[in-house]
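Below: the structure, in structure tokens.
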Amino acid sequence: MTSASFQRGIAAGILSALVVIGTGPAALAQAQRSTQPSTRSTPAKPATKPDPKAKPSAAAPSTAKTTPAKPAAAAAGAAAAASTAKPARAASPGGSLVTSYGDWEVYMAQNGRSKICYALSRPKDWTPKTVTRDPAYLFVSFRPAENVKNEVAFEFGFTAKENGPAEVSVGNTSYALLAKATNAWLKNPAEEGQAIATMARSGTMTVKTQSARGSNLTDRYSLNGFNKALEHARKECAS
């Protein structure tokens with residue numbers, strides 16, 4: 001594993017941990033370095049999608065109930081059991097909702113001078129709906145303290161099959177994913193710039209993977225509002 005890949009992976013549990021304890025990223029980063037040197041990073045799971053008419057405000061940490069039958073979701077700090085009709089409600093991040101654009105939201109977490117900013121969206125559709133799972137998310141993150149920008153990451157809401165098939169399709173291009181537990185990133189980080197550019201020109205993104213139990217799952221994301229949300233997140237971490 002290269003130094004750059006390791007550095008990008010330090011935060012794999014940092015923002016997820018923010019969900020559980022609402023602590024700043026700097027303190028969590030120190031703990032993460034000694035306990036979980038994962039391959040990439042994943043932002044915290046945000047609160048349930050807010051009322052679009054409501055004013056943005058800091059989200060309070062949640063202690064939502066986890067389902068004993070989903071150890072992976074519990075470990076990642078996922079909140080309630082998912083229904084077969086729609087994803088369950090997720091816990092709140094240790095940051096704040098800044099604003100929203102179309103089907104995308106912008107979040108920011110800060111501890112001292114360290115910031116983590118990300119644009120986030122939830123699936124508009126997923127199959128099969130009979131599979132019990134926790135909420136799924138798509139993130140594009142900025143962590144200026146680590147010189148990380150445009151990092152594309154996914155939270156599946158279930159444990160993916162180790163070394164199983166996983167890919168994301170946007171426009172006419174497909175990208176292989178590196179799945180670890182409930183999270184995934186582009187297998188080749190060098191493709192992130194291309195993926196972002198393709199997302200900016202496309203209307204939807206489709207993620208296909210296989211769970212540890214052998215179920216094939218597909219999530220479809222809307223890219224409506226992506227460009228504005230990404231630019232806003234970038235500016236939040238540039239100031």
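The values are calculated or read from the model by the stated rules, or taken from the named source; none is laboratory data. Remember, it's a predicted structure, so these values are computed and weren't measured experimentally. Counting neighbours? That spans all protein chains shown, and the Cβs are built from the backbone with ideal geometry, glycine included. Note: accessible area is taken over every heavy atom of the protein model, side chains too, but ligands, DNA and RNA are not part of it. Shrake-Rupley method; radii C 1.70, N 1.55, O 1.52, S 1.80 Å.
Summing +1 for each Lys or Arg and -1 for each Asp or Glu among the other residues whose beta-carbon sits under 12 angstrom from that of Ile196 gives -1.
Amide hydrogen proximity for Val148: with H placed 1.01 Å from N in the peptide plane, the residues at 5 or more positions away or on another chain lying under 5 Å are Arg143. The H on the amide N of Lys187, modeled in the peptide plane, is under 5 Å from the matching H of Ala176, Leu177, Leu178, each at least 5 residues off or on a different chain.
Taken one residue at a time, the phi angles of the range 174-179 give Karplus couplings (6.51, -1.76, 1.60, θ = phi - 60°) of 10, 10, 6, 10, 9, 9 Hz. Gly and Pro are set to x.
For Leu223, the amide hydrogen comes within under 5 Å of the amide hydrogens of Thr204, Met205, counting only partners 5 or more places away or on other chains and with H modelled in the peptide plane. Residue pairs exceeding 27 angstrom between C-alpha atoms, taken from Lys129/Lys235; Lys124/Lys187; Lys124/Lys180; Lys180/Lys235; Lys115/Lys228: Lys129/Lys235; Lys180/Lys235. Hydrodynamic radius of the range 164-239 by the Kirkwood approach over all distinct alpha-carbon pairs: 13.5 Å. The Kirkwood radius of the range 101-239, taken over pairs of alpha-carbon atoms, gives through the Stokes-Einstein law at 4 °C and 1.567 mPa s a diffusion coefficient of 85 µm² s⁻¹. Averaged over its residues, the range 139-234 has an accessible area of 44 Å² per residue, based on protein heavy atoms and a 1.4 Å probe. In order along the range 207-217, the Karplus-derived 3J(HN,Hα) couplings, from 6.51 cos²θ - 1.76 cosθ + 1.60 at θ = phi - 60°, round to 10, 10, 7, 10, 7, 4, 8, x, 7, 8, 10 Hz, and Gly and Pro are given as x. Averaging 1/r over every pair of different alpha carbons in the range 119-188 and inverting the result gives a Kirkwood radius of 13.2 Å. Couplings for the range 232-239, taken from phi via the Karplus curve 6.51 cos²θ - 1.76 cosθ + 1.60 with θ = phi - 60°, read 5, 4, 4, 5, 4, 8, 8, 8 Hz in order; Gly and Pro are left as x. Extension gain for the segment Asn224 to Ala200, taken as residue separation times 0.36 nm less the Cα-Cα distance, is 7.7 nm to one decimal. Projecting the Cα atoms of Cys237, Gly203, Thr182 onto the dipole axis of the range 117-239, where Lys and Arg carry +1 and Asp and Glu carry -1 at the beta carbon, places Gly203 farthest toward the positive end.
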